[in-house]
């Protein structure tokens with residue numbers, strides 16, 4: 001049985017990757033940080049089928065010990081500080097995790113077992129101020145954020161270890177990929193979740209920054225399949241993983257609101273607080289190499305993706321509201337019971 005190690009397993013991509021690997025008969029190990037609280041929501045449904053390991057990815061000896069203990073055949077690095085706006089607020093932390101962390105993983109593999117196949121999650125944000133449209137594996141990088149800069153380092157150190165030590169190390173230059181498991185701080189989830197709240201009468205407006213920013217958006221479940229395929233090839237190579245179609249933030253808002261029978265223009269408010277210091281206006285990938293060599297193509301359309309996310313958020317918000325109502329009713333019953341017993345009511 002093949003063994004795979006997945007960093008970032010509690011995140012969007014990590015959870016979909018774990019599902020895919022389990023479906024293919026792998027023994028799956030996931031890396032989680034040593035913290036007092038863990039957010040396991042995305043992997044709760046498969047937690048009994050995977051093994052979670054604590055490790056510090058910034059500590060070389062910690063990663064080496066992990067590899068010696070697990071002896072994985074494949075290593076998927078899906079861990080990073082991935083929120084672009086946060087990289088402006090925490091540029092040093094972003095560099096340590098998203099850039100130097102990759103070096104420590106590669107060095108650990110080189111020292112423990114150079115036959116381990118390594119996947120690095122590169123990003124379309126590396127292209128930044130694009131030098132060509134569409135972007136492919138040969139397009140020069142021009143990152144426009146600390147996150148993009150850190151990803152460029154992670155990408156090139158992966159190339160260097162592959163070429164210097166003959167390691168099977170490759171990068172997937174992934175364009176934006178979303179799902180119902182996307183963090184609510186990202187614009188896609190911000191749009192679909194707020195649309196759901198407006199539909200349910202729990203919000204009245206949606207504040208956004210640059211509505212004309214364009215991205216190549218795909219489904220995370222499709223993208224992890226491309227990641228897996230990259231490690232099944234005879235030779236390690238880097239691939240652009242994208243849909244090849246670009247859409248604007250405005251289009252996303254329109255589709256999300258239309259799905260629930262509303263006009264986005266009645267609710268969207270432009271807010272300069274959400275405009276990046278250095279904006280990336282248009283990113284669109286050329287996935288022809290992945291189609292040719294990996295036989296990979298995205299299955300879920302942009303419209304299907306947004307509808308999927310809106311429906312999931314409606315269900316999630318509805319469940320939250322129901323839980324809140326049940327909790328409030330229980331608290332009220334307890335308060336009534338105390339009053340009847342002539343006991344003081346503790347007001348929180």
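Have a look at 265, 212 and point out the one that is surrounded by fewer than 14 Cβ atoms within 10 Å (Cβ to Cβ) and in a loop (DSSP other than H, G, I, E, B).
212
Could you go through the range 34-54 and let me know if any residue there is closer than 13 Å to residue 79 by Cα, more than 15 Å from the chain's Cα centre (by Cα) and surrounded by fewer than 20 Cβ atoms within 10 Å (Cβ to Cβ).
No: zero hits.
Restricting the first residue to the range 234-252 and requiring it to be under 19 Å from residue 306 (Cβ atoms), which pairs with a second residue that is outside any loop (DSSP other than H, G, I, E, B) meet a Cβ separation below 6 Å and a spacing of at least six or different chains?
Final answer for the pair search is 242/285; 243/218; 246/214; 247/302; 248/214; 252/191.
When you scan the range 305-324, do you find a residue that is under 27 Å from residue 129 (Cα atoms), at pLDDT 85 or above and not in a loop (DSSP other than H, G, I, E, B), even just one?
Yes; the residues of the range 305-324 include at least one that is under 27 Å from residue 129 (Cα atoms), at pLDDT 85 or above and not in a loop (DSSP other than H, G, I, E, B).
Just to verify a result, which residue in the range 70-87, among those that are closer than 14 Å to residue 9 by Cα and in a loop (DSSP other than H, G, I, E, B), is modelled with the highest pLDDT?
The residue in question is 78.
Could you identify the single residue in 106, 206 that is under 30 Å from residue 265 (Cα atoms), crowded, with 18+ Cβ neighbours inside 10 Å, touching a residue at least 12 places away in the same chain (Cβ under 8 Å) and in contact with a helix residue (DSSP H, G or I) (Cβ under 6 Å, 6 or more places away or on another chain)?
206
Please count how many residues of the range 1-18 are surrounded by fewer than 23 Cβ atoms within 10 Å (Cβ to Cβ) and over 15 Å from the mean Cα position of the chain (by Cα).
So the count comes out to 3.
The values are calculated or read from the model by the stated rules, or taken from the named source; none is laboratory data. Just so we're clear, the structure is a prediction, and the values are computed from it rather than from any experiment. Heads up, the Cβs are rebuilt from the backbone with ideal geometry, glycines too, and the neighbour counts pull from every protein chain shown.
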